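I have placed the structure first, in the form of structure tokens, so that the comments after it can refer back to it.
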Amino acid sequence: MKKVLIIGGGIIGQFSAYYLAKSGHQVTIVDDGPEMTPASEGNCGLVTPSHIIPLNSFSAIFQGIKWLGKKDAPLKIKPQLNRRFILWFINFMRYAQSGHVNKAIQARHEILQQSFKLYEAFFQEEPNSSEWKKDGLLYVAKSEKSLPSFDHEIELHKQFNMESKALNKDEVLALEPNLKEDIAGGVIMEMDGWLNPSQLLKDIRSANESNGVNYVKGRVVSFNKSNSGLVSVKTEEAEIEADEFVLAAGAVSPLLAKKLNIELPVIPGKGYNITTRNGQASPLNLPVYMIERKVVATPWNNGFRIGSTMEFAGYNLDLNQSRLDALKRAASEYLKIDIDEFEMEPWAGWRPMKDNGIPIIEKSKVKNLTIATGHSMVGLSMAPATGYIVNELISSSN
Ligand SMILES: Cc1cc2nc3c(=O)[nH]c(=O)nc-3n(C[C@H](O)[C@H](O)[C@H](O)COP(=O)(O)OP(=O)(O)OC[C@H]3O[C@@H](n4cnc5c(N)ncnc54)[C@H](O)[C@@H]3O)c2cc1C
């Protein structure tokens with residue numbers, strides 16, 4: 001049994017705690033929330049084994065360049081004179097070559113598959129109200145031109161024994177009658193599921209607390225290191241000792257790792273959402289991805305969320321009104337609703353974007369420090385497998 005301290009109580013830290021505590025370790029999570037809710041709470045709730053292709057692609061980069069200066073573009077890159085940002089972009093482009101992309105696809109597939117199975121087990125074992133559903137993710141196109149770009153993805157899914165299929169307009173409307181009728185067709189990712197991320201964080205915390213996990217509120221500001229590894233971390237109020245440490249602070253992880261001379265190829269990718277305030281019925285049966293707008297709407301029992309766009313603008317959480325308006329506009333274009341009738345809360349948060357689309361889940365050069373971050377746009381989907389691997393790394397180390 002080891003004393004393990006996890007820095008960060010987002011979904012990655014929480015699932016790491018879950019498997020570590022079940023293996024008999026004495027686990028503490030230190031987190032500085034909740035003044036800024038983490039990505040793990042503000043995400044779109046999609047659990048997507050289908051998302052095997054990383055963002056790295058020359059077309060994504062060219063699209064980003066074309067959109068430079070367009071205030072409400074789905075992808076916005078604010079050029080920055082920052083060493084980590086520049087290196088990250090150079091590597092991001094290097095990893096867009098097909099050999100690297102194929103390696104990322106294989107790695108992502110394995111983590112996503114394993115995670116989906118672990119989610120199923122988690123929801124069977126733990127009493128929960130996370131609204132776990134497995135009816136798939138529906139992609140909807142307004143224009144015929146948008147659909148052929150999915151042929152490659154559907155083919156790839158087949159190679160990995162996953163079901164996704166192209167649908168004509170009537171098939172799309174039969175699945176989701178709350179869409180406007182001027183659509184061209186779509187694709188259903190039958191292997192995907194969704195849940196309510198805020199509720200999941202509560203459920204896993206309560207499972208962790210029953211398994212003896214201790215939660216401490218505090219911002220980690222420095223580390224105390226000896227020749228044999230880390231001894232303790234310091235928050236503004238306390239010093240916490242442990243045998244093993246896990247860095248799972250999401251997009252902030254590189255700033256903390258830097259204090260230990262560890263460079264992590266991770267930068268913040270800001271996403272936005274708007275969510276109904278509690279108690280409003282959802283106008284959707286299943287999550288809908290609006291292809292041309294790159295916006296997704298996720299339904300829950302007591303409301304729905306519309307997200308999310310991608311902005312590379314450093315560590316900045318300002319709410320940009322044109323981007324929030326773009327989310328509302330997308331919903332009005334695709335859904336049979338008057339979005340202005342809903343009372344909606346705006347939010348922004350950082351995804352921990354990794355340069356090659358493969359998360360970092362490994363022991364670092366500091367012997368007793370494990371790093372678990374860089375899950376980019378699929379951290380919720382990859383969280384259980386990440387926690388499982390973190391536990392294996394720590395349980396098998398001397
Ligand atoms: C708008 C949006 C939509 C998304 N939609 C999806 C989706 O549908 N499906 C999916 O799979 N993924 C989605 N993602 C991605 C996913 O949310 C992230 O990859 C994932 O939440 C990352 O989890 P994390 O635990 O690494 O980081 P975080 O959730 O950011 O948690 C990190 C934690 O560390 C704490 N912390 C930071 N610094 C310190 C410090 N110094 N001391 C102590 N604690 C600290 C923070 O308070 C935070 O609680 C989305 C992300 C966004 C932004």
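The values are calculated or read from the model by the stated rules, or taken from the named source; none is laboratory data. All of these numbers come straight from a predicted model, not from anything done at the bench. Ideal geometry is used to build each Cβ from the backbone, glycine not excepted, and the neighbour counts take in all protein chains shown. Note: accessible area is taken over every heavy atom of the protein model, side chains too, but ligands, DNA and RNA are not part of it. Shrake-Rupley method; radii C 1.70, N 1.55, O 1.52, S 1.80 Å.
Values as computed for the structure displayed
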item: Among 193-204, 328-339, 4-15, the order from most to least packed when residues are scored by Cβ within 10 Å on average; result: 4-15, 193-204, 328-339
item: Counting DSSP beta bridges with both ends in region 3-395, the antiparallel % (nearest 5); result: 70 percent
item: Most mobile listed residue (Phe116, Phe342, Phe312) in the chain, GNM with C-alpha springs under 10 Å; result: Phe342
item: Modelled label reach - Thr37, point 7 Å along Cα→Cβ, region 305-324 residues with backbone N closer than 12 Å; result: 305-306
item: Calculated FRET value between Lys134 and Glu241, using beta carbons and R₀ = 45 Å, to 0.05; result: 0.60
item: Rg over Rh, two decimals, region 285-398 (C-alpha only, Kirkwood Rh); result: 1.09
item: Dimensionless Rg over Rh [the chain; C-alpha; Kirkwood]; result: 0.96
item: Listed residues Pro299, Pro287, Pro79, most fluctuating in the chain (Gaussian network, C-alpha, under 10 Å); result: Pro79
item: Two-site label geometry, Ala107 and Ser332: point separation in nm, points 7 Å out along Cα→Cβ; result: 4.3 nm
item: Kirkwood Rh (inverse of mean 1/r, distinct Cα pairs), region 162-263, angstrom; result: 18.6 Å
item: Segments 106-112, 385-391 sorted - mean Cβ within 10 Å per residue, highest first; result: 385-391, 106-112
item: At R0 = 41 Å, FRET efficiency that the Cβ-Cβ distance of Glu362 and Lys202 yields, to 0.05; result: 0.90
item: Computed over region 192-344, the ratio Rg/Rh where both radii use C-alpha atoms and Rh is Kirkwood; result: 1.07
item: Euclidean distance of C-alpha centroids, region 178-244 and region 322-362, integer Å; result: 20 Å
item: The chain: angle of helix 98-125 to the longest principal axis, Cα-based, in degrees nearest 10; result: 80 degrees
item: For the chain: accessible area per residue (Å², 1.4 Å); result: 44 Å²
item: Within region 224-303, trypsin sites (Lys or Arg not before Pro) in DSSP loop having at most 14 other beta-carbon neighbours inside 10 Å; result: Lys259, Arg277
